[in-house]
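The values are calculated or read from the model by the stated rules, or taken from the named source; none is laboratory data. These numbers come from a predicted model, not from an experiment. Note that we place each Cβ from the backbone using ideal geometry, even for glycine, and neighbour counts take in every protein chain shown. Heads up: the accessible areas ignore ligands, DNA and RNA and are worked out on the full protein's heavy atoms, side chains in. Shrake-Rupley method; radii C 1.70, N 1.55, O 1.52, S 1.80 Å.
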Amino acid sequence: MGRINILDTLTANAIKAGEVIERPVSVVKELVDNSIDAGATSIKIEFDNGGISLIRVSDNGIGMDNEDAKKAFLIHATSKIRTIEDIYDLSTQGFRGEALASIVACANVTLITKQADQDAGTLIKYEDGKLIADTETSADNGTVITVTDLFARIPARYKFLKKDSTEGMYICSLVEKLAIINSEISFKLVKDGKTILSTPGSGDMKDAIYSIYGKQITSGLIEVNYEYEGTKLKGYTGDTKTVRGNRAMQYLFVNNRAIRNTSVSAAIDEAYRNSVMKNRFPICFLSVYVPADQVDVNVHPQKAEVKFSSETDIFRLVYHGIKNALSENMASEFRDAADIVEEMQRTSAPAERIQIHMDHVSTDNGGKLRGAVTYNDRPAKNEVDAANDLLKLLAEFKPDVDEIAGEKQESSVNVKADQPEANISIPSEVIPDAEVKEEDAVIPAQEPVHELTGEIALLSKARFVGIIFNTFIILEGEDDFFVVDQHAAHERVLYERFMLRKVKRDEQKRDVQTLLVPQIIDLSTADYSFVSDNLDQFEENGFDIEILGDRQIALRAIPVADKAEARLKAMSQPSVFFQMILNDLKKETPEKGSIWYSLIQTTACKAAIKAGDVITAEEVASLIEQLVVLDDPYHCAHGRPTFFRTTRTDLEKRFKRIV
């Protein structure tokens with residue numbers, strides 16, 4: 001029939017390249033893996049325009065001679081394995097011999113490499129998938145690979161790339177992971193000509209974490225070192241206060257390879273059960289070491305997933321490893337508490353003149369808790385009881401904002417008595433501003449913008465029956481009833497309200513609230529890159545941000561808060577509010593120009609009444625009045641349904657009253 005075609009080599013390679021090279025970060029991953037396998041102790045990654053126009057990876061590894069340099073670009077040419085059996089005893093990052101061949105199929109590539117015992121290096125250059133240069137050149141020991149014009153010949157792949165800032169953020173996130181697990185290698189990341197990350201290469205994972213995330217996160221980490229059935233777990237996990245709202249900072253590695261695995265994630269959740277609040281996730285940097293023949297790394301094209309021979313053993317390894325670390329840390333804190341009691345016994349005032357109270361509680365500019373515990377004239381049982389009372393008071397004075405602040409801070413509490421003043425440092429939480437009651441959480445209904453018809457007309461006339469689970473509002477009509485999600489409904493009301501104000505302000509400068517003291521925020525490399533690339537959009541819409549050095553920004557102003565937005569602002573410091581918005585913007589990866597819409601969406605969700613909040617019948621009536629006149633009363637700002645309707649006939653059928 002002549003309908004089956006044998007594809008030419010260029011077409012076949014371009015199709016296959018799509019399995020390995022999905023976006024610029026895939027190129028970086030493959031090249032850095034090769035540098036690690038080459039024994040490099042220093043790796044430099046440079047990229048421009050999100051990696052689309054330029055990616056360059058330089059290392060000081062063993063390099064290649066001319067023959068190996070030419071072979072490296074052939075499909076399935078590798079120095080990592082020789083036979084199929086070698087796959088089951090891998091100690092390298094790469095092994096399939098597809099990386100360079102795939103990159104050449106979708107970009108222009110230049111390789112310069114030299115071994116230590118050679119006088120001159122080798123230059124190999126490919127354009128349009130064809131070898132155009134193979135010459136000697138002067139070079140340093142190691143390898144430099146430059147990739148340009150990625151996907152220029154594959155428009156189908158190019159058009160699905162995200163904007164440059166998002167692609168750049170992916171690269172930054174990858175390099176952070178690689179730098180943490182390969183702490184013995186010094187990584188340097190250069191974005192658009194500016195160095196944004198540099199790690200020491202000391203061999204200590206905690207040093208690498210500190211260079212990426214700074215003191216605030218590093219101070220809340222607990223070392224993990226555990227063995228079980230021939231497997232090992234090493235790394236660091238956060239204490240019960242060092243948590244986040246998602247798993248973005250749960251870094252998991254298997255045999256020094258960054259991976260995703262449901263068993264490991266489930267073990268982490270189980271280890272922290274009843275220790276952290278619901279929907280909060282601990283920060284962790286955990287590396288599992290498994291005999292090579294007990295793990296399959298060949299189940300995913302990007303090698304991002306692995307399969308263990310015994311998922312149960314891995315679950316137990318991670319669970320018990322974290323549990324033991326948390327228990328030891330708790331025991332250490334108890335020992336510290338005992339030391340404080342002993343110190344109080346030695347330095348406290350006479351027992352008959354002891355009184356404990358705390359006043360003038362506030363946070364200083366650094367976010368530290370400040371207070372005063374004072375001894376005055378009041379009889380007490382004895383000094384030990386007084387010291388224990390003090391510890392109890394300090395333990396009780398802990399705001400319930402773990403889910404908001406999520407950061408371990410160092411606080412100073414002054415103890416004043418007849419003895420000289422003593423300073424005691426204890427771990428505490430940031431105390432946010434006092435929560436503002438949202439007086440107009442349910443705003444007056446506006447006039448209908450269109451005639452009410454169908455379900456909406458029926459909903460507007462339905463009679464309030466009650467609320468179940470402090471979440472779902474029950475309304476009864478003549479021949480039907482409605483179940484309304486109070487959070488989703490209120491979220492939609494606020495979303496359309498804020499959107500209406502946005503439209504009216506499109507020609508005006510956004511009102512801002514200038515902070516009395518600018519908030520200095522430490523960001524990860526990926527977050528710093530994202531904010532820097534979208535700075536104009538943030539500033540146009542109410543955030544006054546100054547880019548500082550060393551991955552820091554100064555937050556000088558935030559969008560002005562309406563009373564309905566006050567719930568969100570009151571829950572957190574401006575810096576925490578900004579981080580919450582940033583996380584949502586990264587997740588949604590909005591196009592430039594739509595960042596404010598994502599901000600409105602997030603603010604409406606956070607400011608709306610929540611599932612479990614108690615509201616009155618009057619507030620229900622006001623909420624329904626507002627809901628039915630909206631442009632889209634059927635969905636919340638994120639697309640979830642706000643209500644559903646069930647008829648009397650449906651109920652009678654379910655109870656077999658009618659057939």
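Quick rundown of the values:
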{"item": "Proximal charge balance of S173 [Cβ under 12 Å; K/R count +1, D/E count -1]", "result": "0"}
{"item": "For the stretch 135-237: relative contact order, % (alpha-carbon pairs under 8 angstrom, 6 or more apart)", "result": "13"}
{"item": "Heavy-atom accessible area per residue - the stretch 615-659, 1.4 Å, Å²", "result": "65"}
{"item": "Surface per residue (accessible, 1.4 Å probe) for the stretch 170-260, Å²", "result": "39"}
{"item": "Protection-proxy order for peptides 26-37, 224-235, 607-618, each taking the mean of Cβ atoms within 10 Å per residue, highest first", "result": "26-37, 224-235, 607-618"}
{"item": "Accessible surface of the stretch 201-331, 1.4 Å probe, proportion on carbon and sulfur as whole %", "result": "44"}
{"item": "Cα-Cα over 27 Å, subset of K29/K114; K44/K163; K191/K241; K70/K163", "result": "K191/K241; K70/K163"}
{"item": "Percent RCO, i.e. relative contact order, over the stretch 187-274, from Cα pairs under 8 Å lying at least 6 residues apart", "result": "14"}
{"item": "Span from the the stretch 143-181 Cα centroid across to the the stretch 217-284 one, whole angstrom", "result": "27"}
{"item": "Total formal charge among the other residues, if their Cβ is under 10 angstrom from that of R247, Lys/Arg +1 and Asp/Glu -1", "result": "+1"}
